[in-house]
Amino acid sequence: MNEPGNRPLLPEGSRTNEPASHPSRLPLHELGLREAAHVVAVASPHAAEWAAWLAEIGFLPGEPVQVLAYGVLGGDPLVVRIGDSTFALRRAEAACVQVTPSPPGRSERGVP
């Protein structure tokens, strides 16, 4: 049983319970504010042209990415930095981008 002040145990495979060498994937819109990450994949179940458009503006595997701000009502749009560029994305567009959080304290190119 957990004592007051102790964190509860997390289910196996949860994001904060995984070893640092195998960080989990998550959609960009679920990334924490200013949390450094890298793009893993881009795919759009909604509209095929979204994945192509996201790739054209720089959402490519390996690129550093960070959410700089969320919109006030419902979190739409998101202000996102990808590499050296900054864009506003709708939550549905950001959901097409799979990312892997970077290890804590690691400096990212293009992500201050």
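Observations on the structure shown:
- For L68 and A47, a Förster radius of 22 Å and the Cβ-Cβ distance give a FRET efficiency of 0.35, rounded to the nearest 0.05.
- Computed 3J(HN,Hα) for the range 86-98, one whole-Hz value per residue from the Karplus formula 6.51 cos²θ - 1.76 cosθ + 1.60 where θ = phi - 60°, is 10, 9, 9, 10, 6, 4, 5, 5, 4, 5, 7, 9, 8, glycine and proline marked x.
- In this structure the amide hydrogen of S44, modeled in the peptide plane, comes within under 5 Å of the amide hydrogens of A51, none closer than 5 places in sequence on its chain.
- Residues whose amide H comes within less than 5 Å of that of A95, counting only those at least five positions distant or on another chain, are H29 (H built at 1.01 Å from N in the peptide plane).
- Other residues lying with their Cβ under 15 Å from the Cβ of C96 contribute a combined charge of -3, Lys and Arg counting +1, Asp and Glu -1.
- Mean Cβ count within 10 Å, highest first, over the residues of peptides 92-104, 52-64: 92-104, 52-64
- Derived scalar couplings ³J(HN,Hα) [the range 39-55; Karplus, 6.51 cos²θ - 1.76 cosθ + 1.60; whole Hz; x for Gly, Pro]: 5, 9, 7, 10, 8, 10, x, 7, 8, 4, 5, 4, 4, 5, 5, 4, 5
- Under-5 Å amide H pairs with D76, H placed in peptide plane, nonlocal only: G71
- Extension gain, R25 to E56, is 9.0 nm, computed as 0.36 nm per intervening residue step minus the present C-alpha separation.
- Charge tally for G75 (other residues, Cβ to Cβ under 14 Å; Lys, Arg +1; Asp, Glu -1): -1.
Read-outs throughout are calculated quantities, based only on the coordinates presented, and are distinct from any laboratory measurement. Just so it is clear, the model here is predicted, and its values are computed rather than measured. Glycine also receives a Cβ, built like all others from the backbone with ideal geometry; neighbour counts cover every protein chain displayed.
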